[in-house]
Amino acid sequence: KFKGNFDRIFMMGVSPVTLDDVTSGYNVGWNISIKPEFDEMLGFSTKDVVDMFTYYKEHGSIPADSDIEAIVNDMKPWYDNYCFAKQALAKKVRMFNCDMVLYYLRNYMDYGHAPEQMIDPNTKTDYGKMKKLLQFDKLDGERKGIIHKIAEEGQIVAQLEEQFSAYQIPKAEIFPSLLFYYGMLTIKGTRGSKLILGIPNNNVRKQYYGYLEEEYQAKSYVDTNKLTDYYYDMAYDGKWEEGLQFMADAYAKVSSVRDGIESERNLQGFFMAYLNLNDYYITAPELELSHGYCDFFLLPDHTHYASQHSYILELKVLSKKEFDEESKDAFHEDGTPKTKAEKQWDEAVEQIKRYAEAPRVEALRQGTTLHKIIMQFKGWELARMEEV
């Protein structure tokens, strides 16, 4: 009588393509990857993380004076916020990435403090896979468009495919699902029958911005060493003019007359990519403040650096044609019409002052001096920049 070697097999870390290949020879496989009852099995809950660090603290593996609550709060924006099943959205429990938490724990056990670089090197493997998938884009560029959309908007609406074969990978509509299974997207919500897949945390967000930076660097070299020196001046000395002017000049270099319209759309993407190189801040794009969304809030990262200054940046752009045109509904005190640029500037001043008065800002700036900067572009050239 034949007796098999295994009663049951449980496989983990299987890609959707491998899953399709493995199950093609039999029909008793059960894909549990996005089943809600297994959602909390695929990461660490906040309680898991607290219990883990408490255990190592009690056993002397991390310093006795370690503040567990502060450690968890330090990790949350970098490693937390994963949801692996649509039905799990209602539970409000989000999961930490296990590899990232263990990377942080190992550093704490070895050196008694958080890692200087919060990005876990192991996660860059997934980033490398993503770049290889973009090689399919030789003709239509659809996947690069998806990356740009995710980086600039923080999310994308898509149908999540549970498994698919190798020959389907070149299809652009499969790409968001691949990013989900590689940990580069997580489930944020629903829109009809589709899912809202979003960037889970800063660790992943920086990888998207890193891709954008590589793309811009290929178009026109930007001296990033010089730029990071300017970031130090911004963080510790409050000297922002040279650094932001340098970024504006770099933006003009990567733009051209031929792709001017496209470059105007990509203004925020460019700033996202290069602000990503700033070690002194957590860059928060489109942060909700006082019933609006500021373009960028540079939040001080006091866990790692004692920066003295924080920034709200508001970027405004008009085409060269529109910039000097008369506005039809905005006027000077003498009754003469304002230009569209003047109207846009006045609205930006009102916006940024409202953002700075939001109750959250006092806590977010953590005692630093807050600078409110508006940058207005005429096409791809900086026309006006002021602190208000």
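The values are calculated or read from the model by the stated rules, or taken from the named source; none is laboratory data. Note that the structure is a prediction, hence the values are computed from the model and not measured. In this analysis, Cβ positions are derived from the backbone assuming ideal geometry, glycine residues included, and neighbour counts consider all displayed protein chains.
So, in region 316-355, how many residues would count as being under 14 Å from VAL388 (Cβ atoms) and of a type in the set (Ser, Thr, Tyr)?
Going through region 316-355 one residue at a time, the tally reaches 1.
Kindly provide the set of residues from region 350-368 that are without any contact (Cβ under 8 Å) to a residue 60 or more places away in the chain and either part of a loop (DSSP other than H, G, I, E, B) or loosely packed, with under 15 Cβ neighbours inside 10 Å (or both), ordered by number.
GLU350, LYS353, PRO359, GLU362, ALA363, GLY367
Keeping to region 314-341, report how many residues are over 27 Å from the mean Cα position of the chain (by Cα) and crowded, with 18+ Cβ neighbours inside 10 Å.
Let us first name the residues in region 314-341 that are over 27 Å from the mean Cα position of the chain (by Cα), namely 319-341.
Still in the list and also crowded, with 18+ Cβ neighbours inside 10 Å: 323, 340-341.
Qualifying residue count, region 314-341: 3.
Give the residues of region 53-91 that are part of a loop (DSSP other than H, G, I, E, B), under 21 Å from the mean Cα position of the chain (by Cα) and not hydrophobic (A, V, I, L, M, F, W, C), sorted by residue number.
Selection gives ASP80, ASN81.
Being at pLDDT 90 or above and acidic (Asp, Glu) is true for just one of GLU325, GLU286, GLU264. Which residue is that?
Numbers: GLU286 fails: at pLDDT 90 or above; GLU264 fails: at pLDDT 90 or above.
That would be GLU325, the only listed residue that is at pLDDT 90 or above and acidic (Asp, Glu).
Over 28 Å from the mean Cα position of the chain (by Cα), in the same structural domain as HIS371 (by TED's automatic domain parsing) and surrounded by fewer than 19 Cβ atoms within 10 Å (Cβ to Cβ) - does that describe any residue in region 293-311? Explain how you work it out, then say what you get.
Taking region 293-311 first, the residues over 28 Å from the mean Cα position of the chain (by Cα) are none.
Checked against the condition, which is being over 28 Å from the mean Cα position of the chain (by Cα), in the same structural domain as HIS371 (by TED's automatic domain parsing) and surrounded by fewer than 19 Cβ atoms within 10 Å (Cβ to Cβ), region 293-311 yields no hits at all.
Is there a residue being part of a loop (DSSP other than H, G, I, E, B), surrounded by 15 or more Cβ atoms within 10 Å (Cβ to Cβ) and modelled with pLDDT of 95 or more anywhere in region 28-43?
no
Would you check if there is a residue in region 99-107 being in contact with a Pro (Cβ under 9 Å, 6 or more places away or on another chain) and either within 23 Å of PRO176 (Cβ to Cβ) or in contact (Cβ under 8 Å) with a residue 12 or more places away in the chain (or both)? Give the steps one after another, and end with the answer.
We begin by selecting, within region 99-107, every residue in contact with a Pro (Cβ under 9 Å, 6 or more places away or on another chain); these are 103-104, 106-107.
Those left that are additionally either within 23 Å of PRO176 (Cβ to Cβ) or in contact (Cβ under 8 Å) with a residue 12 or more places away in the chain (or both): 103-104.
Yes; the residues of region 99-107 include at least one that is in contact with a Pro (Cβ under 9 Å, 6 or more places away or on another chain) and either within 23 Å of PRO176 (Cβ to Cβ) or in contact (Cβ under 8 Å) with a residue 12 or more places away in the chain (or both).
Out of everything in region 55-65 that is touching a Ser or Thr at 6+ places or on another chain (Cβ under 9 Å) and not charged (D, E, K, R), what residue ends up being nearest to ASP110 (Cα to Cα)? Talk me through it step by step, then tell me what you get.
The initial filter retains those residues of region 55-65 that are touching a Ser or Thr at 6+ places or on another chain (Cβ under 9 Å), namely 55-57.
Next, only the ones that are not charged (D, E, K, R) stay: 55-56.
Details: TYR55: 16, TYR56: 12 Å.
Going through the qualifying residues, I end up with TYR56.
Specify the residue that is nearest to the chain's Cα centre (by Cα); the eligible residues are those in region 161-195 that are of a type in the set (A, V, I, L, M, F, W, C) and surrounded by fewer than 16 Cβ atoms within 10 Å (Cβ to Cβ).
So the first thing to find is which residues in region 161-195 are of a type in the set (A, V, I, L, M, F, W, C), and the list is 164, 166, 169, 172, 174-175, 178-180, 184-185, 187, 195.
Filter again for surrounded by fewer than 16 Cβ atoms within 10 Å (Cβ to Cβ), leaving 166, 169, 172.
Working: ALA166: 29, ILE169: 24, ALA172: 21 Å.
Step by step, filter region 161-195, then rank; the result is ALA172.
Among the residues of region 101-125, which ones are at pLDDT below 95, part of a helix (DSSP H, G or I) and buried (at least 16 other Cβ atoms within 10 Å of the Cβ)?
Of everything in region 101-125, just one residue is at pLDDT below 95, part of a helix (DSSP H, G or I) and buried (at least 16 other Cβ atoms within 10 Å of the Cβ), namely THR123.
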